[in-house]
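Have a look at the structure below before the remarks.
What follows draws every value from the coordinates through simple rules; no lab data is involved. Note that this is a predicted model, so its numbers are computed, not measured. Please note: Cβ atoms are built from the backbone with ideal geometry, for glycine as well, and neighbour counts cover all protein chains shown.
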Amino acid sequence: MSERVKLTIDTMKNDLIKLIGPEYVVVGHEEGGRQYQLHAPIVVFPDEEQKVKQILSWAYNNDVRISPQGGGTKDACGHPGEGTDVILSLRKMSGILHHSVGDLTVTVLPGTTLLELQQALGKEGQFLPLDAAWEECSTLGGIVAANASGPSRAMYGSVRDHLIATRICYPDGTLIRTGAKVVKNVAGYDMNKLFIGSMGTLGVFTELTFKIRPIPVFTGALAVRSSDLLKLRKLQEILLDSQLEPSVVEWVNGRLGGEIFGEATQDPMLLVSFQDVERSVLFQINWLMNACESLGVAIQLKLMGYEETHTVLAKLREDLPNSGVISDDKLVISVKLLSLITEVPLVYEAAQSVAYEKELVLDFHGGLYTGISRATVRADWEQQQAVFEWLRSVELFVSRLNGRSVIEVAPRKIKQMLNIWGTEAEDWNLMKEIKNKIDPKCILNPGRFVGGI
């Protein structure tokens, strides 16, 4: 393979200005010390699909490396990669193209924020059942590309359960359509799933269609705590064996729970939320309160109504660091830990005990119905070695449970020292073959995804 001939910044700038116009091209700063954000000497802001097509076609023909970007909340996700020449910002491609109230579908542009969509759908009593962090700046394109989800995944599932159609621009500028804008569609392969979670390495979304749902009639939640971990684990067993249908069941460590619920404590907590008609929610909360009383588990907080519950769940979701606002003055590492649902309390104990030992500040929450936990350490840079030791200990513990760990957020210079995606999985070779087929020149987010894709 011949060595890539890199265009100068002036050449790229002039080419792009001729291609899409000077108002869509900004010369940035390639370095600047930003440890949690994407870097590139040039940022482009297309406002329509045709410009995206032109930019990618030009980049492909000139071996220019492109990194798609939405709201910037996930810039610190994935490996730093092999360097980016141009950031393709989709912020100007925002808005709702079509909302079929009766069919429960909505089509949006990729730069539309989750909050913008939810507010529009809310006027018709509907919502998109995705609760990714930082909804006011997380874009739908970024959420799909990162396969982001939150605590409500326990009831509603993830992106793959709601995305039904897309328009995608391939690295060479070819436009394709996947899926269909109808809820029931069984024709052919479900190509949507190929691009979900691909971290912008296979194509750029220019349009997304989701199936949506009516807003639940009533919402309530219960937060409980105990210094006795066995009691909380017993409560988890009771929940799993019951007929209750919670929308959220999260194990939360004391420090994070104190920030969310307003009362400092060392005790771990369970946050359980329900969504249904009011009578059903009240019945389930009262049933759970009786179970807590029988176990000697304390009630920390009882929430009734959508606004109260939504505020608490938003605080829980937003424990995942926002790449756009993290200060470079702090070392922040957030790890996604995958295990069996019954092993989430064990993962918590391992992460918490080592954090205490290393004198690190830890936030932890884990889905007792999903098996997805997130552990976030915030430390001074002088504590880097202690953070590394904590990280290795937690990753080793999870691997012994036959689980997996992925470093979701970390500063760029730290990621270069770490194995972000964990041990190689059986499907990585297949993913590499797909990448080579779709993007043989490796111009889209090179090296950012698993296996150096």
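Against the main long axis of the alpha-carbon atoms of the chain, helix 306-317 sits at an angle near 70°.
Using C-alpha pairs under 8 Å with a sequence gap of at least 6, the mean separation divided by the residue count of the range 62-212 gives a relative contact order of 25 percent.
To the nearest ten degrees, helix 49-61 and the longest principal axis of the Cα atoms of the chain are 70 degrees apart. Using the Cβ atoms and a cut-off under 11 Å, what net charge is assigned to the surroundings of Glu343, where Lys and Arg are +1 and Asp and Glu are -1? With Lys, Arg at +1 and Asp, Glu at -1, the neighbours total +1. Placing +1 on the Cβ of every Lys and Arg and -1 on the Cβ of every Asp and Glu, with no other charges, gives the range 297-386 a dipole of roughly 280 debye about its Cα centre. Neighbour counting of Cβ atoms within 10 Å sorts the residues Glu308, Glu359, fewest neighbours leading, into Glu359, Glu308. Over the chain, DSSP H runs of length four or greater, each weighted -39,500 (n - 2.57), average out per residue to a 222 nm ellipticity of -9500 deg cm²/dmol.
About its Cα centre, the dipole of the chain is roughly 920 debye, where the only charges are +1 on Lys and Arg Cβ and -1 on Asp and Glu Cβ.
Angle, helix 229-241 long axis vs. longest principal axis of the chain, Cα atoms, 0 to 90°, nearest 10? It works out to around 80 degrees. The dipole here belongs to the range 96-214: it is taken about the Cα centre, uses +1 on the Cβ of Lys and Arg and -1 on the Cβ of Asp and Glu, and is about 340 debye. The lysines within cross-link reach of Lys413, meaning a Cα-to-Cα straight distance under 18 Å and a gap of 8 or more places when in the same chain, are Lys74, Lys330. Taking every C-alpha pair closer than 8 Å and separated by at least 6 residues, the mean separation divided by the residue count of the chain gives a relative contact order of 18 percent. Shown for Thr112, Thr201, Thr8: other C-beta atoms within 10 Å of each C-beta, ranked fewest to most, produce the order Thr8, Thr112, Thr201. Given Cα pairs under 8 Å that are at least 6 residues apart, what percent is the relative contact order of the range 232-332? About 23 percent, as a whole number.
Going by how many other Cβ atoms sit within 10 Å of their own, how do Met431, Met417, Met191 line up, fewest first?
So the residues, fewest neighbours to most, are Met417, Met191, Met431.
The lysines within cross-link reach of Lys302, meaning a Cα-to-Cα straight distance under 30 Å and a gap of 8 or more places when in the same chain, are Lys123, Lys231, Lys234, Lys315, Lys336. Calculated FRET efficiency, Val101 to Thr342, Cβ-Cβ distance, R0 = 51 Å: about 0.80 to the nearest 0.05. Of all lysines in the structure, the ones whose alpha carbon falls short of 21 Å from that of Lys437, not counting any fewer than 8 places away in one chain, are Lys53, Lys193.
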